[in-house]
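One structure is given here, and the rest of the page talks about it.
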Amino acid sequence: MSLYLETEGIADLPFDAMDTARLVVDAALDYIKCPYEAEVNLLLTNDAEIREMNRQYRNIDRATDVLSFPMLEYETPGQFQAFEDMPDCFDPESGELLLGDIVLSMDRVAAQAEEFGHSLKREYSFLIAHSMLHLFGFDHMEDEERLEMEQKQREIMEKIQIMR
């Protein structure tokens, strides 16, 4: 698995951002039983930058905690068989499945950790787990989808033992 981490003006965190992100991404890939090595890009930014991205890509002019930019379109969320015969879905050099990009607002991560009464590391991990599910094709627009995603998020967080 390749994880590329970029930070935009983010102060030091009380945990290793790369190690924690790798733990969550690996756990999500294992949980969903992805049959391929995969590539994920993670950008840590602030409210101003994520607000601009949210406005540009979603026409929503406000900051948000996380944005997910999947590279793949799934027939069924979490099912990878359709990509076997689609070489454009794989990095030509590494052979890894190109899952997509995650953008986190560390301002929102900090605010939500405080609001929900848990650690910065827990909120950071949770939002990466949430976003990974989006990169696997899951969504939460309908109640049934939301409940399914919440269950999967819980199970990924239990797997890495980062609890509330």
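The values are calculated or read from the model by the stated rules, or taken from the named source; none is laboratory data. From a predicted model like this one, the values you see are computed outputs, not experimental measurements. Virtual Cβ from ideal backbone geometry, glycine too; neighbours counted across all protein chains shown.
Observations
- Residues being under 21 Å from Ala28 (Cβ atoms) and buried (at least 18 other Cβ atoms within 10 Å of the Cβ) - total across region 51-65: 1
- Residues within region 134-152 that are at pLDDT below 90 and in contact with a Pro (Cβ under 8 Å, 6 or more places away or on another chain), tallied: 0
- Qualifying residue in region 141-148 (condition: in contact (Cβ under 8 Å) with a residue 24 or more places away in the chain and assigned to a helix (DSSP H, G or I)): no
- Residue match in region 74-82 (condition: in a helix (DSSP H, G or I) and at pLDDT below 95): yes
- Check on Met71, more than 17 Å from Leu120 (Cβ to Cβ) and either surrounded by 15 or more Cβ atoms within 10 Å (Cβ to Cβ) or without any contact (Cβ under 8 Å) to a residue 24 or more places away in the chain (or both): yes
- The one condition from (1) at pLDDT 95 or above; (2) over 20 Å from Met18 (Cβ atoms); (3) assigned to a helix (DSSP H, G or I) that Ser131 does not meet is (2).
- Within region 92-109, residues that are farther than 27 Å from Cys34 by Cα and in a helix (DSSP H, G or I) have Cβ atoms under 7 Å from residues that are aliphatic (A, V, I, L, M) and modelled with pLDDT under 95 in these pairs: Met106/Ile10, counting only partners at least 6 apart in sequence or on another chain.
- For region 1-38, a residue qualifies if it is among the polar types (S, T, N, Q) and in a strand (DSSP E or B), and the qualifying residues are Ser2, Thr7.
- In region 136-149, the residues that are more than 20 Å from Ala38 (Cα to Cα) and surrounded by 16 or more Cβ atoms within 10 Å (Cβ to Cβ): His140, Glu148, Met149
- Residue ID - surrounded by the fewest Cβ atoms within 10 Å (Cβ to Cβ), chosen from residues in region 155-164 that are within 14 Å of Tyr31 (Cα to Cα) and of a type outside the set (A, V, I, L, M, F, W, C): Gln161
- Of the residues making up region 39-67, those that are part of a loop (DSSP other than H, G, I, E, B) and touching a residue at least 40 places away in the same chain (Cβ under 8 Å) number 4.
- Condition check for Arg58: within 20 Å of Gly9 (Cβ to Cβ) and charged (D, E, K, R): no
- Residue within region 8-31 that is in contact with a strand residue (DSSP E or B) (Cβ under 7 Å, 6 or more places away or on another chain), of a type outside the set (A, V, I, L, M, F, W, C) and surrounded by fewer than 17 Cβ atoms within 10 Å (Cβ to Cβ) present: yes
- Condition met for Lys152 (part of a helix (DSSP H, G or I), charged (D, E, K, R), surrounded by fewer than 20 Cβ atoms within 10 Å (Cβ to Cβ) and touching a residue at least 24 places away in the same chain (Cβ under 8 Å)): no
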